[in-house]
Amino acid sequence: MTFVLAVDDDPGILRTLRINLRARDYEVETAGDGRSALQIMTERDPDVVLLDLGLPDVGGVAVIRRIRATSSVPIVVLSARHESDDKVEALDAGADDYVTKPFGMEELLARLRAALRRGGTAPAPAERVTIGDLVLDVDDGTATKNGAEVHLTPTEWRIVAALLRRRGRLVRQSELLREVWGPAYERETHYLRVYLAQIRRKLEDDPARPAYFVTEPGLGYRFVG
């Protein structure tokens, strides 16, 4: 049975999630604040986390960062905040998806299933690329730059792997979104801007002038090297 941790300070939303998820054979545990959610994370290992950003104690973004320090569990943000900056901050902190309130239950369930599929994605075919002081080993899930290990999140690795497999070729935005997040995300181009910026900060010598992860404006991205 898939275990879902739902975190929200609204008891009505938690009740709705609990009823609908249990009716579909999910195991559900709920938390009304960030500290309770983090405590549950230390005691159990959820398959996916549904997380509100507007929590009364520890902010949702801080909770994401705390979870990401030790876990790659898929995180789907639920928030009434519609501003792009809030979405970018949550995705940049390590969230896998962002659903704005009010949301339809069927859409949320589809996003939940997509997050679970991504979390269970099989490792990419063996691939190791060395360019100067940068070494990317997709098979082992390791990256080193100037001899130091660089941590990439599971979503960042999926993007890197997709570009490495098409080394030198243009990968269109819709194609990359479909492969990494699923067909329902082909228009969510801001996801790519957030994650490519993070990848470049970690792997490029000059993130403002990328030499490896190159943008083709209005089209997509390519890995050069």
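The values are calculated or read from the model by the stated rules, or taken from the named source; none is laboratory data. Fair warning: this is a prediction, and the values are worked out from it, not measured in the lab. Cβ placement follows ideal geometry from the backbone for every residue including glycine, while neighbour counts extend to all protein chains displayed. Ligands, DNA and RNA are stripped out before the accessible areas are found, and what is left, the full protein with its side chains, is counted by its heavy atoms. Shrake-Rupley method; radii C 1.70, N 1.55, O 1.52, S 1.80 Å.
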Shape call for segment 4-44 from the C-alpha gyration tensor, a ≥ b ≥ c root eigenvalues: rounded (a/c under 1.5), prolate (a/b greater than b/c) or oblate?
-> oblate
Carbon-plus-sulfur fraction of the accessible area of segment 20-146, 1.4 Å probe, in percent?
-> 44
Between Asp85 and Ala23, with labels modelled 7 Å along Cα→Cβ, what's the label distance in nm to one decimal, could you check?
-> 3.9
Give the angle, between 0 and 90 degrees and rounded to the nearest 10, that separates the Cα long axis of helix 84-93 from the longest principal axis of the Cα atoms of the chain.
-> 80
Shape category assigned to the chain from the gyration tensor of Cα positions, a/c cut at 1.5 | prolate
Rolling a 1.4 angstrom probe over the protein heavy atoms, how many square angstrom per residue are accessible across the chain?
-> 48
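So which chymotrypsin sites (Phe, Trp or Tyr not before Pro) in segment 1-105 end up in coil per DSSP with only 15 or fewer other C-beta atoms within 10 Å?
Those that pass, being in a loop and sparsely packed, are Phe103.
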Using a Förster distance of 22 angstrom, determine the FRET efficiency expected from the C-beta separation of Glu216 and Arg65, and round it to 0.05.
-> 0.10
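As an exercise, find the ratio Rg/Rh for segment 2-116 from alpha-carbon atoms, using the Kirkwood inverse-distance average for Rh.
0.91
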Would you calculate, for the chain, the mean residue ellipticity at 222 nm contributed by helices, counting each DSSP H stretch of 4 or more residues as -39,500 (n - 2.57) and dividing by all residues, to the nearest 500?
-> -12500 deg cm²/dmol
Rounding to the nearest 20 debye, state how big the charge dipole of the chain is about its Cα centre with +1 on each Lys and Arg Cβ and -1 on each Asp and Glu Cβ.
-> 620
DSSP bridge orientation in the chain - percent antiparallel, rounded to nearest 5 = 50
Relative contact order as a percentage, the chain, C-alpha pairs under 8 Å and 6+ apart, gives 13
Considering every pair of different Cα atoms, what Kirkwood radius, in Å, is found for segment 128-223?
-> 13.5
What number, in percent, do you get for the relative contact order of segment 102-225 if the mean sequence gap of Cα pairs under 8 Å and at least 6 apart is divided by its residue count?
-> 20
Linear extension gain, Asp9 paired with Val58, 0.36 nm per residue minus alpha-carbon span | 16.5 nm
Relative contact order, percent, segment 2-116 [alpha-carbon distance under 8 Å, six or more residues apart] = 23
